[in-house]
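Each value in this text was obtained by applying a stated rule to the coordinates, not by laboratory testing. The structure presented is a predicted model; accordingly, all values stated were derived computationally and were not measured. Cβ placement follows ideal geometry from the backbone for every residue including glycine, while neighbour counts extend to all protein chains displayed.
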2 protein chains.
Amino acid sequence: MSQRPLILVTNDDGITAPGIRTLISVMNTIGDVVVVAPDSPQSAMGHAITINSTLHIEKVTIDGKQSEYSCSGTPADCVKIAVNEILGRRPDICVSGINHGSNSSINVIYSGTMSAALEAGIEGIPAIGFSLLDYNWNANFEHCKSFIETITRQVLENGLPEGVVLNVNLPNLEKEAIKGIKVCRQAKANWKEEFDKRTNPMGREYYWLTGKFVNMDKGEDTDEWALEHGYVSVVPVHFDLTAHHTIQKLNTWNLND
Amino acid sequence: MSQRPLILVTNDDGITAPGIRTLISVMNTIGDVVVVAPDSPQSAMGHAITINSTLHIEKVTIDGKQSEYSCSGTPADCVKIAVNEILGRRPDICVSGINHGSNSSINVIYSGTMSAALEAGIEGIPAIGFSLLDYNWNANFEHCKSFIETITRQVLENGLPEGVVLNVNLPNLEKEAIKGIKVCRQAKANWKEEFDKRTNPMGREYYWLTGKFVNMDKGEDTDEWALEHGYVSVVPVHFDLTAHHTIQKLNTWNLND
């Protein structure tokens with residue numbers, strides 16, 4: 001790439017979150033950065049889009065020289081409006097994050113961070129979602145920087161296979177303790193929900209959704225294994241959800257008798 | 001199955017939508033029905049879950065003898081709270097819909113209807129999302145009934161492959177014009193967004209998200225092909241998003257030099 005690449009940065013924790021500020025600082029060393037991110041936290045929004053209300057964007061200045069816009073919509077909305085109304089040309093890459101908290105294994109499904117990356121992927125833009133395994137607002141993101149730079153430069157250099165985006169998770173360890181970057185598959189894991197039932201001052205019952213993460217997958221090629229063993233995990237994720245290997249089986253059913 | 005199956009019914013258009021009322025009437029002919037559905041429309045919510053606010057459920061009576069609960073959360077929340085707090089035992093099947101509007105091809109990603117089905121699938125419950133290709137609130141769902149019954153009975157009889165749920169879309173045609181049920185793959189298609197930019201009475205600019213659906217896939221084994229040619233489409237959908245076929249390629253990159 002002779003010119004500096006045009007990089008779209010977004011997230012789901014909101015435009016002022018420390019995670020996206022770190023991601024922006026890394027991207028400024030690689031290319032020309034435009035930020036379009038939610039004006040408020042949008043965690044666990046999945047792949048929501050805004051079709052029943054209006055969207056607002058506002059040019060903002062927070063730090064550095066990059067152009068920044070806050071958007072009233074979801075992470076997927078941010079990508080759509082950036083590409084169609086703000087950037088003027090197709091970005092060379094879209095990066096989302098750094099999420100405050102894991103998006104490994106089944107969490108990819110619930111993740112606003114990854115929905116932004118998937119939305120970019122659907123539009124044919126190479127895209128990566130980055131997440132750190134630390135939910136704290138004041139998490140230390142410093143050790144993420146060199147890994148994020150390496151992975152982003154490799155994507156710019158090699159391109160991504162068609163219809164694929166990357167889901168990158170970083171362990172919450174000192175930089176020296178991280179063993180390297182590992183390409184993985186999504187572990188088979190889920191959440192065992194527990195609802196915390198309470199009564200409000202007016203006597204009405206309500207619930208908080210909580211839960212425990214359970215990894216059922218003993219494979220050593222999964223993202224969970226990699227993260228537990230001190231690696232940065234990279235899972236190639238696609239948005240053709242067809243379970244192709246089951247079509248033959250379903251065609252043995254009596255659907256048209 | 002000797003006993004009548006326990007059937008969990010949900011949707012994303014809200015508990016009073018004509019689509020879910022039709023689905024409930026079909027399920028009453030098959031088993032014992034419990035409805036847990038959003039108290040208001042949740043379309044295009046993707047796989048959102050409610051973690052930053054409280055959830056309320058309310059026992060309601062609308063029609064028929066089935067137990068019904070309206071829930072303040074998203075479709076995925078409805079499934080979680082139904083399984084953990086309401087049903088008392090694991091349901092034999094979860095059906096979601098009938099959605100007012102298509103969830104074929106890439107729409108599966110944005111769909112609240114399908115997120116409920118996927119959530120049930122993640123919890124190991126056989127699940128189906130049903131959608132009719134008609135966005136009208138007063139759409140005619142009568143012709144859907146026999147197809148929905150056939151597919152549901154086949155799932156109860158055969159079970160579903162592990163980690164797979166069904167995405168069923170029904171064409172908006174007279175029953176006699178429908179040629180049958182076809183197992184398909186998700187077509188490669190997307191939305192070309194168009195933002196409708198307006199100015200509010202206070203002079204502030206805002207946007208409405210609109211767009212045009214574009215099917216780039218000429219295959220005759222896709223859901224789009226089936227629907228255009230008068231078939232009910234059935235796509236097996238999974239939630240392992242790993243693009244397994246690309247792992248080998250990514251392992252040739254310089255990630256750890």
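Worth a mention:
- Here's the list of aspartates and glutamates a cross-link from residue A:59 could span, going by alpha-carbon distance under 20 Å and ignoring same-chain residues fewer than 8 apart: A:12, A:13, A:32, A:39, A:68, A:77, A:85, B:196, B:205.
- Centroid-to-centroid separation of the range A:115-148 and the range A:14-37 [C-alpha atoms, Å]: 10 Å
- For residues of A:243-252, the mean tally of beta carbons on other chains within 10 Å: 6
- Computed about the Cα centre, the dipole magnitude for the range B:44-112 is approximately 140 debye when only Lys and Arg (+1) and Asp and Glu (-1) carry charge, each at its Cβ.
- The protein assembly as shown gives an Rg/Rh value of 0.96, both radii derived from C-alpha positions and Rh following Kirkwood.
- Hull shadow area, averaged, the range A:172-257 [alpha-carbon convex hull, nm²]: 11.8 nm²
- Inter-copy label distances at residue B:198, shortest first and taken from points set 7 Å along Cα to Cβ: 3.9 nm.
- Spin-label model, residue B:200 to residue A:137: label points 7 Å out along the Cα-to-beta-carbon direction sit 2.6 nm apart.
- Within chain B, the longest run free of GluC sites (Glu not before Pro) that sit in a DSSP loop with at most 14 other Cβ atoms within 10 Å is B:1-161.
- In units of the rule-of-thumb radius 2.2 N^0.38 Å, the range A:52-183 shows an alpha carbon radius of gyration of 1.08.
- Annotation for residue B:208 and residue A:16: the two label points, set 7 Å from Cα along the Cα-Cβ direction, are 3.2 nm apart.
- Efficiency of FRET from Cβ geometry, residue B:220 and residue B:3, R₀ 51 Å, rounded to 0.05: 0.80
- The Cα trace of the range A:167-220 gives Rg and Dmax of 18.4, 54 Å, the first to one decimal, the second as a whole number.
- In the range B:152-254, trypsin sites (Lys or Arg not before Pro) in a DSSP loop with at most 15 other beta-carbon atoms within 10 Å: B:179, B:204, B:218
- Of all lysines in the structure, those lying under 21 Å Cα to Cα from residue B:192, and not within fewer than 8 positions of it along the same chain, are A:80, B:212, B:218.
- For chain A, dividing the convex hull volume of the Cα atoms by the residue count gives 198 Å³ per residue.
- Per residue of B:229-242, other chain Cβ atoms within 10 Å of the residue Cβ number 6 on average.
- FRET efficiency for residue A:158 and residue A:60, using Cβ-Cβ distance with R0 set to 45 Å, rounded to 0.05: 0.85
- Here is how far apart the residue A:60 label points are across copies: 3.5 nm, shortest first, using a point 7 Å from Cα toward Cβ.
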